[in-house]
Amino acid sequence: MALAGPARAEPLRLVAFGDSLTAGLGLPAKEAFPARLQAALKARGHDVVIENAGVSGDTTAAGLARLDWSIPDGTQGVILELGANDALRGLDPGLAEKALDEMLARLKARGIPVLLAGMLAPPNMGAAYKQRFDALYPALAAKYGVPLYPFFLDGVAGQGKLNQADGVHPTAAGVDIIVERMLPAVEAWLATLKG
């Protein structure tokens, strides 16, 4: 029996893998980054489903520990956002780099493309720490040939009205700014996935 109408392609299955900034700490699920990014992409004609694999409090080491079971088979792309908790806790940037390197290696081995969302260390960690930490994202993006969105919180970090009372986690309006600023990088990345 023939099916009526043209066959519909499956949506592109993506996973946003990160910490509380991805999970949407303090926000309803529909206002978290993955949901808002999915809505923005759909509004621009992209058929995507973005799974929220954010876990509040995760460091890069914790992310690495759950990577394999958090990214299901059939995933066609991962937005990797981790490192903020490492920087806030002053953990050795070398450890964050090692964990992110291993995540990128594992995803590459599985044939899953990655968009790396960078993080910047807060200035109060000191210039030497900040220099080491901030440099690890561009270095890893170059090593693995993956696109880098330099700073996930661009336009939101340090902006009082765009952050919750803790001064760290974006409000719904802050998430919308992140999505708006990141959209061109995400669309450019999606174009490589569809090709």
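The values are calculated or read from the model by the stated rules, or taken from the named source; none is laboratory data. Predicted model only: the values in this text are computed from it and were never measured. Every residue, glycine among them, receives a Cβ derived from its backbone with ideal geometry; neighbour counts consider all protein chains shown. Calculation scope for accessible area: heavy atoms of the full protein, side chains included, ligands and nucleic acids excluded. Shrake-Rupley method; radii C 1.70, N 1.55, O 1.52, S 1.80 Å.
For the range 95-191, the dipole from Cβ point charges (+1 on Lys and Arg, -1 on Asp and Glu) about the Cα centre works out to 300 debye, to the nearest 20. Taking every C-alpha pair closer than 8 Å and separated by at least 6 residues, the mean separation divided by the residue count of the range 1-81 gives a relative contact order of 44 percent. Each residue of the range 91-103 is assigned a 3J(HN,Hα), and the resulting list reads 5, 3, x, x, 5, 4, 4, 4, 5, 5, 4, 5, 4 Hz, derived from the Karplus form 6.51 cos²θ - 1.76 cosθ + 1.60 (θ = phi - 60°), x at Gly and Pro. If you line up the long axis of helix 33-43 against the longest principal axis of the chain, both from Cα atoms, how many degrees apart are they, to the nearest 10? Relative to the chain, helix 33-43 is tipped by roughly 40 degrees. For the chain, the longest principal axis of the alpha carbon atoms and the long axis of helix 172-194 meet at an angle near 60°.
For the chain, the equivalent ellipsoid derived from the alpha-carbon gyration tensor has semi-axes of 29, 20, 14 Å in decreasing order.
What percentage of the solvent-accessible surface of the chain, computed with a 1.4 Å probe over protein heavy atoms, is contributed by carbon and sulfur atoms?
Within the chain, the accessible surface is 58 percent carbon and sulfur.
For Ala172, project a label point 7 Å along Cα to C-beta. Then give me every residue of the range 18-34 with its amide nitrogen under 19 Å of that point. What the label zone holds, given the 19 Å backbone N cut-off, is 21-34.
Tilt of helix 60-70 relative to the longest C-alpha principal axis of the chain, in degrees (0 to 90, nearest 10)? Roughly 20 degrees between the two axes.
Stretched out fully, how many nm does the piece from Ala43 to Arg13 gain, at 0.36 nm a residue minus the Cα gap?
9.1 nm
What is the chain's relative contact order, in percent, from Cα pairs under 8 angstrom and six or more apart in sequence? About 21 percent, as a whole number.
For Asn163, the amide hydrogen comes within under 5 Å of the amide hydrogens of Thr171, counting only partners 5 or more places away or on other chains and with H modelled in the peptide plane. Amide H contacts for Asp58 (H built 1.01 Å from N in the peptide plane; partners 5 or more residues away or on another chain; cut-off under 5 Å): Ser20. Accessible area per residue for the chain is 48 Å², calculated with a 1.4 Å probe on protein heavy atoms, without ligands, DNA or RNA. Annotation: amide H of Val78 within the under-5 Å range of Val15, Val114, Leu115, sequence separation 5 or more or interchain, hydrogens built in the peptide plane. Computed 3J(HN,Hα) for the range 147-160, one whole-Hz value per residue from the Karplus formula 6.51 cos²θ - 1.76 cosθ + 1.60 where θ = phi - 60°, is x, 10, 9, x, 9, 4, 8, 3, x, 10, 4, x, 9, x, glycine and proline marked x. The number of Lys pairs in the chain with C-alpha atoms less than 29 Å apart, excluding pairs fewer than 8 positions apart on the same chain, is 15. Report the calculated FRET efficiency for Asn124 and Leu183 (r = Cβ-Cβ distance, R0 = 25 Å), to the nearest 0.05. Given R0 = 25 Å and the Cβ-Cβ separation, E is 0.25.
What the phi angles of the range 13-27 give under the Karplus curve with 6.51, -1.76 and 1.60, with θ = phi - 60°, is a coupling list of 9, 10, 10, 8, 10, x, 10, 4, 5, 7, 4, x, 3, x, 10 Hz, glycine and proline written as x.
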